[in-house]
Each structure stands twice: as structure tokens, then as C-alpha cells.
Amino acid sequence: MVNYINKNKKRFLDELFELLAIPSVSADASFKKDVLKAAQKTAKFLNNAGAHSVEVCETPGYPVVYGDYIISPELPTVLVYGHYDVQPADPIDLWSSDPFKPELRKTPIHPNGAIFARGACDDKGQFFMHLKAFETMVATNNVTCNIKFMIEGEEEVGSENLAWFVKKNTKRLSCDVILISDTGMVGPGVPSLTTGLRGLSYVEVEVTGPNRDLHSGLYGGAVANPINILSNMIARLHDDKKKITIPNFYDKVLTLSSEEREELAQAPFSLEEYKDALDLVDVDGEKGFSTPERNSIRPSLDVNGIWGGYTGEGAKTVIASKAYAKISMRLVPNQDPTEITELFTKYFKSIAPNSVKIKVTPHHGGQPYVCPTDHRGYAAAVKALGDSFGKKAVPVRSGGSIPIVALFEKELKAKSILMGFGLDSDAIHSPNEHFGLDNYYKGIETIPLFYKYFSKK
């Protein structure tokens with residue numbers, strides 16, 4: 001298989017570039033045609049790789065691309081999940097190159113080159129590894145179990161219609177394990193398996209004062225300024241120890257034992273390198289926890305956007321009628337996103353003065369997820385990564401959220417193995433997102449080994 005991969009490396013890269021060039025931004029309706037184009041392109045590549053029953057399946061939103069390769073009902077079945085949609089590329093002016101004209105550039109971390117483009121790591125580059133690994137297995141007659149593919153187009157906006165699709169196709173999607181590469185490794189050359197994901201509650205808040213924008217000279221100091229009030233309310237969401245102040249927020253938080261915390265601490269981490277990479281003088285977060293713990297086993301609350309009033313060039317003396325903010329809360333095991341959203345809404349309204357009106361709009365959310373390390377799929381992944389990298393894989397908890405993972409377990413009764421190949425430094429969701437070329441090819445080499453070990457009893 002290695003010979004096949006080496007012979008086709010350039011084509012594997014060129015085809016990925018074709019997909020990356022499509023601006024499949026699911027959050028912006030103006031990119032609708034591009035998102036649909038990405039679905040068709042994904043289906044074409046899946047079909048060319050050798051999959052059967054390839055179909056672009058309609059949903060109430062963007063379609064799901066499905067394909068399979070069934071050998072025998074006696075063999076185990078692996079369901080591969082990924083997503084072809086991407087985050088918006090804004091702010092464009094902070095990119096060193098066009099986000100939808102992929103290019104290779106060397107970096108200190110990726111001396112052999114990295115693929116720069118929106119979606120390079122999250123998740124086009126990573127799910128494409130699976131298509132190319134599958135193609136390699138088919139071409140070399142090394143398919144050892146049944147394989148199904150489900151690639152969606154709405155992960156970046158909450159996967160609402162994927163839930164609809166899964167519930168209607170449980171038989172078609174039945175499997176023994178789900179394999180996902182939408183996570184990362186703890187460092188270059190350090191194979192990692194994500195054993196836990198945080199859940200998510202996402203809301204948008206609106207603060208309304210006067211019924212129109214007002215002249216700040218004539219009305220300043222006499223009426224509520226929604227931007228001032230919103231800023232004060234946001235400041236009250238954390239105390240001086242950086243703990244979230246929402247009543248009952250921590251009631252169901254799963255607390256890890258000292259032994260579990262020690263095990264997680266075995267993952268390589270340098271605080272100084274972390275700060276240097278982000279150009280920070282110091283880190284910040286909940287007191288009593290390390291940086292890796294703060295972004296994995298503890299819940300968090302962050303403002304992801306805040307706006308209101310005039311923001312153009314020059315001055316405009318106005319008290320805006322409305323102010324807005326987008327707020328996300330990352331959740332840990334036992335925290336329910338619906339319950340947390342309700343707690344937030346109640347508290348946020350309670351701290352507002354009578355001079356303004358408050359509206360809280362829930363967006364998408366998702367349950368936390370923990371993968372048992374004694375699972376057959378986990379063991380297969382450990383062996384595959386060990387063979388490929390020549391060292392044992394490190395178990396890690398991720399601070400990110402993949403809301404559909406918990407849904408898969410509920411509807412398909414199958415665990416998800418999170419075997420990612422990206423790095424924290426790859427800047428997903430940020431300008432200059434990239435994916436190391438070595439990591440891309442290493443993923444293609446490793447994935448067939450997972451099937452090899454998973455198919456063994």
C-alpha cells in the first residue's frame with residue numbers, strides 16, 4: 001500500500017486542492033451554490049475511489065454524501081464521518097494568501113510544507129485522507145471490512161439536518177464503530193487519540209434601549225446605553241477567579257479524580273511554547289486548574305462576537321438602540337446543553353436593569369462525549385498509530401465540540417473513534433489555516449492499519 005501512496009502522492013494533493021478551492025461556507029447563504037458544488041465534488045471523489053451506492057442525499061438543508069463498500073455481512077462495519085463545509089474565511093485581510101486558492105508553504109513546524117487554505121485541516125484535508133486511504137485499499141485489494149461514508153455539509157452550523165438524516169437512515173448507517181478525523185495531535189510526530197469532547201451551548205443576546213439611535217450629546221447620561229449595559233452584563237458572567245457565575249452552572253460537572261488528572265497530564269505540553277505560539281505574556285483561566293485542564297475537562301464561557309452602533313471610519317456621536325453579542329459555553333460530561341441554555345437565559349435576564357429589554361436566542365448545541373479506552377475500536381487505533389509513528393498514542397481530552405458524536409451513539413448505538421492528524425498550531429477557524437503535508441500523508445498511511453486491526457477478532 002505504501003508504494004501505491006508514494007506513486008500517487010501528487011494526485012492525492014492535487015485533488016485535495018480542487019476541493020479546497022470551493023468556498024463551501026455553510027454559515028453564509030451567499031455561498032449556497034458553492035456548498036452544493038462541494039457536495040457534488042466530494043461524491044465524485046468518493047465514487048472514483050471505488051465506493052458503491054454513492055449518493056448526494058437531500059436533507060431540509062445541505063445534502064449528505066453517502067457511499068459504501070460492503071464485502072460481507074460477516075465482517076465488521078466502519079462508518080467514516082466528515083464534513084465538506086467550512087468556516088467563513090473572514091477577516092480576509094489577515095490571510096497571507098487567498099483562503100480559497102490553496103498553496104504549499106514551509107513553516108517552522110512543517111519544514112516539508114503545509115497546505116494553506118480554509119478547510120485544509122477542518123475538515124476537508126482530514127476527511128480526504130480517508131477517501132485516499134480507501135482508494136489505496138481498494139486498488140491494492142486490502143479492504144478488510146465493510147466501510148460506509150457519511151460526509152455532511154452543516155457541521156460548522158450545528159449539524160441540525162444531519163440529525164434528521166441519521167434518524168431516517170439508522171439501518172443504512174448501521175455499523176460497529178464510527179471513525180472520525182476532525183481532531184488533532186498534541187504535537188508534531190506525537191500520535192494522539194481524543195478520548196473526550198466538550199459539549200456546546202451557543203446563544204445570541206440582544207439588548208434594546210431606546211426605540212431608535214439617539215444623539216449622544218442630547219441624550220447621553222439620561223437614557224440607557226445598550227452597549228454600556230451589555231458590556232457590564234458580560235463582565236458579570238465571570239467572578240474574580242474566572243469561574244462562571246451562572247447559578248447552578250456547575251451542579252452536574254463531572255470532577256475527575258487526582259489519578260485521572262495525572263494520567264491526562266502525561267500528554268506533552270509546554271506552557272512557554274504555548275504562550276510563545278500565541279504571543280502571550282501569560283495565560284488566563286479558572287483558578288486551580290492547568291491550561292490543558294481548563295480547555296478540556298472544565299467548562300468555559302466565551303464571547304465570540306459583540307457589536308452595536310456605528311463602527312465605520314471617523315466619529316458618529318450616537319447612542320445605539322441595540323447591542324448584540326454571540327456567546328458560547330463549552331460543556332463537560334453530565335452537563336446538558338438545553339439545561340445550560342435555560343440557566344444562562346434566566347440569569348442573563350435577571351442581571352439586566354429595567355431600562356433595557358433582553359432577548360436571548362439559542363443557536364446550536366451538543367452533548368459532551370467520552371470514548372472508553374477499553375473499546376475494540378480504540379485498541380485498533382492505538383495499534384495503527386503505533387505502527388505508523390513508531391510510538392504509543394497519547395490519550396487526550398479535547399476542548400472542542402463535535403455535537404453529532406453523542407447523537408451517533410444515541411441513534412446508531414456505536415462509539416466514535418477520534419483519530420485526528422492536525423495540530424493546534426494549524427489555525428483552524430482562523431486566518432491562515434493550514435495542514436502539514438507530512439500529516440496529510442501520514443493519515444493516509446495510518447488509516448488502512450486501523451481497518452487491518454479492527455477486522456481482527
*asked:* Report the gain in length on full extension from Lys413 to Val283: 0.36 nm times residue separation, minus Cα-Cα distance, nm rounded to one decimal.
replied: 42.8 nm
*Where in region 207-251 does the amide nitrogen come within less than 15 Å of the point 7 Å from the Cα of Asn354, taken along Cα to Cβ?*
224
_Gain upon complete extension [Thr245, His375; 0.36 nm per residue less C-alpha separation]_ = 43.1 nm
*Between the helical axis of 9-20 and the dominant principal axis of the chain, each derived from Cα atoms, what acute angle in degrees is found, rounded to the nearest 10?*
30 degrees
*Could you give the angle, 0 to 90 degrees to the nearest 10, between helix 32-49's Cα long axis and the longest principal axis of the Cα atoms of the chain?*
20 degrees
_Per-residue [θ]222 nm for the chain (sum of -39500 (n - 2.57) over DSSP H runs n ≥ 4, rounded to 500)_ = -10000 deg cm²/dmol
*How do the peptides 239-246, 392-399, 39-46 rank, highest first, by the average count of neighbouring beta carbon atoms within 10 Å per residue?*
39-46, 392-399, 239-246
*Please give the helix 124-139 orientation as an angle from the longest Cα principal axis of the chain, in degrees from 0 to 90, rounded to the nearest 10.*
10 degrees
*At a Förster distance of 22 Å, what's the computed FRET efficiency of Ala222 paired with His363, Cβ-Cβ distance as r, to 0.05?*
0.05
_So if I take the centroid of the Cα atoms in region 128-197 and the same for region 28-45, what is the distance between those two points in Å?_
19 Å
*Using the Cα gyration tensor of region 31-117, with a ≥ b ≥ c the square roots of its eigenvalues, what is the shape: rounded (a/c below 1.5), prolate (a/b larger than b/c) or oblate (neither)?*
oblate
*Model label zone, Asn6; criterion: amide N under 15 Å from point 7 Å along Cα-to-beta-carbon; scope region 427-451*: 442, 445
*chymotrypsin sites (Phe, Trp or Tyr not before Pro), restricted to region 250-300: which are DSSP loop and have at most 16 other Cβ atoms within 10 Å?*
Tyr250, Phe269, Phe289
_region 1-87: GluC sites (Glu not before Pro) falling in loop per DSSP and having at most 14 other Cβ within 10 Å_ = Glu58, Glu74
*Please sort by residue number the trypsin sites (Lys or Arg not before Pro) in region 258-291 whose DSSP state is loop and whose Cβ has at most 11 other Cβ atoms within 10 Å.*
Lys287
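FYI, it's all coordinate maths here, none of it is from the lab. Please read these numbers as outputs of a predicted model, since none were measured by experiment. Please note: Cβ atoms are built from the backbone with ideal geometry, for glycine as well, and neighbour counts cover all protein chains shown.
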